[in-house]
Amino acid sequence: MKSRKSTGQDARERILDVSEELFANGSFDSVSIRAVTSKAGVNLSAVNYYFGSKQGLFQSVYVRRATLMNHERLHLLYEADEKAKVDGRDASLRELISAMLTPPIFWLCDEEKGFSVYIRFLARAYLEESSDMDNVLRQEVDVFARFVPYFQKIKPDLSEEDVYWRIHFIMGVMHHTINHLHRISMLSHNSCKKRPREEIRDRLVDFCCDGF
């Protein structure tokens, strides 16, 4: 028999899973609390109990996976740095940008673990004004700040401001890609097809390295 704490945790996770899917396919305003609780099989009051409000729920959906994604980014960053030290060099521009972009691109292509749903949600989250995302988005800002010294080390001619502008542009390219990858066939008159995630990542990193 499950404990009350375990049952409560299961309910909370069900609400997050359902909300992630609903928000990935609809706007913040269009998804109702009733739709969430009905699909999750919980009481209408459960959202307020666990998350305080609809905004709190939306932000919790973001934070749950963003924490893991940013952990992967930092792991790749520090792994690249350690490898570079062993080789007697600095981490390369390609390694740094790859560390930033690999998790979201790989997640986008990961249907098995369900991460692709979160990536679709993420694409919408950045556009939602009524969800009050500024506070939770600072978490991602803090992660990118860890990359800045590495970029400045290999590009000493760039100021901190220059580096942040470039990170901003890299994120713009990434978000367009995860939002509109399905359009590449139409854009190219079917000469481009959806490729394995490694190839998509490599093409994106190539482009960002050239622009940096």
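The values are calculated or read from the model by the stated rules, or taken from the named source; none is laboratory data. Not measured: the values here are computed from a predicted model. Every residue, glycine among them, receives a Cβ derived from its backbone with ideal geometry; neighbour counts consider all protein chains shown.
Scanning segment 158-207 for residues that are more than 15 Å from the chain's Cα centre (by Cα), assigned to a helix (DSSP H, G or I) and among the small types (G, A, S) yields a single hit, S185. One residue stands out in segment 151-196 among those that are over 24 Å from L93 (Cβ atoms) and among the basic types (K, R): the one that is modelled with the lowest pLDDT, namely K194.
The rows are residues; the columns are (1) closer than 19 Å to I178 by Cα; (2) touching a Gly at 6+ places or on another chain (Cβ under 8 Å); (3) part of a helix (DSSP H, G or I).
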position	(1), (2), (3)
I15	no, no, yes
V61	yes, no, yes
N70	yes, no, yes
L76	no, no, yes
R89	no, no, no
T102	yes, no, yes
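For segment 17-27, the condition holds for no residue, the condition being that it is surrounded by fewer than 18 Cβ atoms within 10 Å (Cβ to Cβ), among the hydrophobic types (A, V, I, L, M, F, W, C) and modelled with pLDDT under 90. Only one of the numbered conditions (1) modelled with pLDDT of 80 or more; (2) touching a Ser or Thr at 6+ places or on another chain (Cβ under 9 Å); (3) within 21 Å of L16 (Cβ to Cβ); (4) not aromatic (F, W, Y) is violated by P103, and that is (2).
Can we say A84 is among the small types (G, A, S), farther than 20 Å from V205 by Cβ, assigned to a helix (DSSP H, G or I) and at pLDDT 85 or above? Judged against the criteria, A84 is not a match.
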